[in-house]
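J.: Encoded as structure tokens, here's the structure I'll be asking about.
The values are calculated or read from the model by the stated rules, or taken from the named source; none is laboratory data. A quick note: this is a predicted structure, and the numbers were derived from the prediction, not measured. Please note: Cβ atoms are built from the backbone with ideal geometry, for glycine as well, and neighbour counts cover all protein chains shown. For the accessible areas, the whole protein counts, side chains as well, though only heavy atoms, and no ligand, DNA or RNA atoms are used. Shrake-Rupley method; radii C 1.70, N 1.55, O 1.52, S 1.80 Å.
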Amino acid sequence: MFAVVSRSVATRAAPLARRQQRRGFVDYLVNYPDKVMAKKQVQMKGGTCLGENAPTWLKQPGDIWTLAFGAALVGYGSILCGMGFYKLATGKGKKD
């Protein structure tokens with residue numbers, strides 16, 4: 001009796017399990033094309049002894065914009081820290 005019931009439950013549950021496995025976003029991430037070797041070839045181009053003319057961290061397209069954005073953030077933060085230290089040292093900008 002139990003074997004017959006469990007077999008019928010399993011046959012009914014199989015289509016439900018197939019419907020649950022539709023993973024559109026996850027399948028997109030799993031099947032995303034691998035571009036590691038193409039990027040690695042760009043990094044390895046010209047050997048490993050690179051000087052200031054072609055640093056490895058500026059070889060990919062878009063690296064200059066990333067560097068400029070990071071430098072702008074660091075510069076802005078440094079200016080704000082400097083202003084804060086100046087105000088603390090001189091006592092300016094206090095709320096009475």
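J.: Using a 1.4 angstrom probe and counting only protein chains, how large is the accessible area of Ser78 in Å², to 10?
T.: For Ser78, solvent-accessible area is about 70 Å².
J.: Can you give the FRET efficiency to the nearest 0.05 for Phe69 and Arg22, using r as the Cβ-Cβ distance and R₀ = 41 Å?
T.: Using R0 = 41 Å, I get an efficiency of 0.60.
J.: With a 1.4 Å probe and all protein chains kept in place, how do Val74, Val26 rank by accessible area, largest first?
T.: Val74, Val26
J.: For a Förster distance of 41 Å, can you work out the FRET efficiency between the beta-carbons of Leu80 and Trp57, rounded to the nearest 0.05?
T.: Step by step, r from the Cβ atoms, then E = 0.95.
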